[in-house]
Amino acid sequence: MAHDFAYTLKTFKTASGKTGKFHSLPTLAQQFPKVSRLPVSMRIVLESVLRNCDGKKVSAEHVRQLANWFPNADRTEEIPFVVSRVVLQDFTGVPLLADLAAMRSVAIKLGKNPKRIEPLVPVDLVVDHSIMVDHYGKKNSLDLNMKLEFQRNRERYEFMKWGMQAFDTFGVVPPGFGIVHKVNLEYLARGVHQRADGVYYPDTLVGTDSHTTMINGIGVVGWGVGGIEAEAAMLGQPVYMLTPDVVGFELSGRLREGVTATDLVLRVTEILRREKVVGKFVEFFGEGTRTLALPDRATIANMAPEYGATMGFFPVDEKTIEYFTGTGRTRTEIEAFEAYFRAQGLFGVAKAGEIDFSQIVKLDLGDVTPSLAGPKRPQDRIELGNVAGQFASLFSKPIAENGFNQPAAMLATRHLLRHTDNDRVDTPPGAPPTPVGAPRMVAEMEGNRPTLAAARSDVAVHESKASGISIGNGSARPASAGAKAMPFMYQVVEANCPLAPMYI
């Protein structure tokens, strides 16, 4: 079927002379002049709608509707947004992998080729917040704790490893490498992707972690979703959303010496909660935005769930390129990334008046002062000089007023604490034995409880040999046999899960 906007397919050239194809938004703007004044985040969404316009899932009317976006209008129309990839954390990722396995099982029962069940976009499952601290104070503590983690949850990691072998577009980042949105920012994000036909397109995603929005700090459109939406995106279906309002946040000036990203994000969160940005995009612009280091931008973007926005978006500029260079992206990737965004007119932070926003909020970075969050809610902010007085005020206020509901006299109470060696307890209290016939999950949890003996012992890893059996949906073959070189993160799973279970 012919593309309704085939005339937008153009070419661009990188700094080293390589060429690539892309669906040009500047060319589309010749038909729809408002495109050139759309917020950058909306133009990236528009590119996805334009590129995926097939007359079925995405129609030409969707393109026209978004190209004629009004900053202030009733939001009644939905956008079919097809993302470039999906990021999963393990608690929601493992059930989604089980769903894919179940689909393959049904395909076999129907006499179909199970290989036809495959995620249509790249999927990365990041295992985080999993390692328990049994060993500490030693150089190899992390290694020992990771080996224990693989032992205790062997079935789980074998299932993940099967998924890596069975699906070409499915990868696993094992525990011990960081939290999911940090791994996403530093390792998984590529800036731009390239289809088999040579068409480039920007990195966009949905993730099953609420703080997926940290990725907005490097100019990637993405946010957190539930498991059902993530699974639909894995299978190539659009993520449907109401056409959003876009709040422009103009930053001016510079942060004063001694003011941290935490101080800034608390002030930004305080302002945006007051402006009620729930369900809206927030896009940062202005001269002050250019001065922010990329980690500061990522910190602000990461807090989008706290101030209620769908995204806290920062456009791609020189600071983004510097970050990609410093985090190990290849020269070819960076050249394609920069050349693509320049060709689309999406490179650089906008100045005041260059973009039409639904609403504009302003902040002079020079007005940001050192402060603390809380004392009870993380979105509340207290300047350092007011901490003592504010705490004393809240101490006796009722809980309904964010207070602690304690008698005022108790604040002045002092207690004398004494400690002698005779008071120390070197052994933890004993636990009742697991009853005979207890459910398996109870027995496993009791058996995995950390003990002082375990904390002071070396770890023995029990390895088993693969059976060599295969049913065609991923086999027990070692990943190194005839396979392309794996990233180091994937090799960790390979080394610790030598047996690939025969799941369907």
## Note on the structure
Amide H contacts under 5 Å for residue 249, restricted to residues at least 5 apart in sequence or on another chain and with H modeled in the peptide plane, are 283, 284, 285, 361
### Query
Going by how many other beta carbons lie within 10 Å of each one, how would you line up 144, 242, 266, fewest first?
242, 144, 266
### Task
Work out how much length residue 179 to residue 110 would gain on full extension: take 0.36 nm times their residue separation and subtract the Cα-Cα distance, in nm to one decimal.
20.9 nm
### Query
Which whole-number percent gives the relative contact order of the stretch 373-412, counting Cα pairs below 8 Å spaced six or more residues apart?
25 percent
### Query
Residues with amide H under 5 Å of residue 9's amide H, sequence separation 5 or more or different chain, H placed in the peptide plane at 1.01 Å from N; which?
24
### Summary
Rounded to the nearest 500, the 222 nm mean residue ellipticity computed for the chain from DSSP H runs (n ≥ 4, each -39500 (n - 2.57)) alone is -9500 deg cm²/dmol
### Protection proxy ranking of 307-320, 53-66, 332-345 - average other beta-carbon atoms within 10 Å, highest first
307-320, 332-345, 53-66
### Summary
Charge dipole of the chain built from unit charges on the beta carbon (Lys, Arg +1; Asp, Glu -1), centred at mean Cα; most positive-end Cα among 94, 179, 16 is 16
## Note on the structure
With 0.36 nm assigned to each residue of separation and the Cα-Cα distance removed, residue 391 to residue 168 gains 74.8 nm
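What's the whole-number percent of alpha carbon pairs in the stretch 373-412 lying beyond 17 angstrom?
Of the Cα pairs, 26 percent sit more than 17 Å apart.
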## Note on the structure
Most exposed to least, judged by fewest other Cβ atoms within 10 Å, 108, 79 sort to 108, 79
#### Entry: Relative contact order (percent, whole number), the chain, Cα cutoff 8 Å, 6+ residue spacing
18 percent
### the stretch 133-287 - charge dipole about Cα centre, Lys and Arg +1 at Cβ, Asp and Glu -1, debye rounded to 20
440 debye
### Cα centroid separation, the stretch 195-247 to the stretch 361-412 (Å)
36 Å
### Message
Sort 213, 413, 19 by Cβ crowding within 10 Å, fewest neighbours at the top.
### Response
413, 19, 213
### Summary
Note: the chain, point scatterers on Cα, Debye, no solvent; log10 I/I(0) at q = 0.13 Å⁻¹ equals -1.32
### Query
Say the cut-off is 29 Å between C-alpha atoms; which of 10/276; 18/319; 112/147; 182/319; 362/397; 280/351 go over it?
10/276; 112/147; 362/397
#### Entry: Largest-first principal axis extents, alpha carbons of the stretch 267-339, Å
43, 22, 19
### Task
Could you tell me what fraction of 2.2 N^0.38 Å the Cα radius of gyration of the stretch 1-94 comes to, as a two-decimal ratio?
1.26
### Query
If you bin every alpha carbon distance in the stretch 106-246 into 5 Å steps from zero, what whole percent lands in each bin?
2, 8, 14, 18, 19, 15, 11, 8, 4, 2, 0, 0
### Message
Just to be sure I understand the rule: take each whole DSSP H helix in the chain, project its Cα atoms onto its long axis, keep it if the span is 27 Å or more and its mean Kyte-Doolittle hydropathy is at least 0.5. Which ones pass?
### Response
90-109
### Query
Cβ under 14 Å from residue 307's Cβ, residue 307 left aside: what net charge do those residues give with Lys, Arg +1 and Asp, Glu -1?
+2
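Every number in this text was worked out from the coordinates using simple rules, so none of it is lab data. Given the structure is predicted, the values throughout are model-derived calculations rather than measurements. Here the Cβ is made from the backbone with ideal geometry for all residues, glycine too, and neighbour counts use every protein chain on show.
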